[in-house]
Amino acid sequence: MATLGIPANTIAVLQKYNFNFQKKYGQNFLIDTSVLDRIIGAADITKDDLVVEIGPGIGTMTQYLCEAAREVVAVEIDKNLIPILDDTLSSYNNVTVINEDILKVDIEKLAKEKNGGAPIKVVANLPYYITTPIIMGLFESHVPLDSITIMVQKEVADRMQVGPGTKDYGALSLAVQYYANPEIIANVPPNCFMPRPKVGSAVIKLTRYSEPPVEVKDEKLMFRLIRASFNQRRKTLVNGLTNGGIEISKEDLVKILEEMGLPATIRGEALTLEQFATLANKMKN
Ligand code: SAM
């Protein structure tokens, strides 16, 4: 039975193993059963699913995942947590713990071996210092993916969900929205964790699109345009791109913008994903 969501049980495990939190690994363990229930509910896990958990900690959410899923693979970087996980997960026979940095794990191979190449679900209370590389790594690789349901810093969840015209809109918004439909599930205050993080958190579910919502001839070019525009977000799009190493003359760029019905003075932060796609396609031509 899942027992670790209750603070007293988490404290007992930490004391038993004399565990010291490692700040560099972003260790903030969940101690709120209602938040755990919300995450598991939103992730929509069935007994057919292979779930990959990033950073199981002492195994709090892992216990819930083991009960809901067919099989769980949990990847934890901190070797001091491995004997603890052996203990807290001892009553489950459908879990494998891998002591490794998630950024070094070949998840595509893992999905092939353990799930016959069928789409996996990723669930995690993420270490916040590597949120973006983890998410982009999953999307940009060829991992067959159904959804990613994750706890992230509240501000980052907002960034993933917004569109043009807000200060949070940026390269991360566009990248996430190219690959997935983002949906904020819950806001989670610091007191739901041990130790308490300094920032607010949110659970967000990213449901992978089977086809991207826009047609792009050259994805790499579109993402170069996006990065160049937001690197110099206070400049006009024309200056941002031409100073940002994109090979096009100002005149040609202004002409393309005109064709798109956009003024030459527009900033990149005003463009939608669809407009970035159109711009990339026109430049490709
Ligand atoms: N899932 C647990 C929970 O909810 O209580 C712990 C979440 S804690 C926010 C993040 C976890 O990720 C920690 O256990 C930390 O050691 C682990 N972690 C940090 N960096 C990692 C990495 N590069 N690869 C795998 N795990 C990592």
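The values are calculated or read from the model by the stated rules, or taken from the named source; none is laboratory data. Since this is a predicted model, take the numbers as computed values, not measurements. So basically every Cβ, Gly included, is an ideal-geometry build from the backbone, and we count neighbours across all protein chains shown. Side chains are part of the model used for accessible areas, which takes the heavy atoms of the whole protein and leaves out ligands, DNA and RNA. Shrake-Rupley method; radii C 1.70, N 1.55, O 1.52, S 1.80 Å.
Listing for the model above:
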read-out	value
I256 touching a helix residue (DSSP H, G or I) at 6+ places or on another chain (Cβ under 8 Å), open to solvent by 30 Å² or more (accessible area, probe 1.4 Å) and not charged (D, E, K, R)	no
Residue match in region 59-73 (condition: of a type in the set (A, V, I, L, M, F, W, C) and open to solvent by 20 Å² or more (accessible area, probe 1.4 Å))	yes
T33 being at pLDDT below 95, farther than 30 Å from G117 by Cα and open to solvent by 20 Å² or more (accessible area, probe 1.4 Å)	no
Residue count, region 154-170 (criterion: touching a helix residue (DSSP H, G or I) at 6+ places or on another chain (Cβ under 6 Å), open to solvent by 50 Å² or more (accessible area, probe 1.4 Å) and not in a loop (DSSP other than H, G, I, E, B))	1
Hits in region 74-92 - residues which are within 11 Å of the ligand (Cβ to nearest atom) and of a type outside the set (V, I, T)	A74, E76, D78, K79, N80, L81, L85
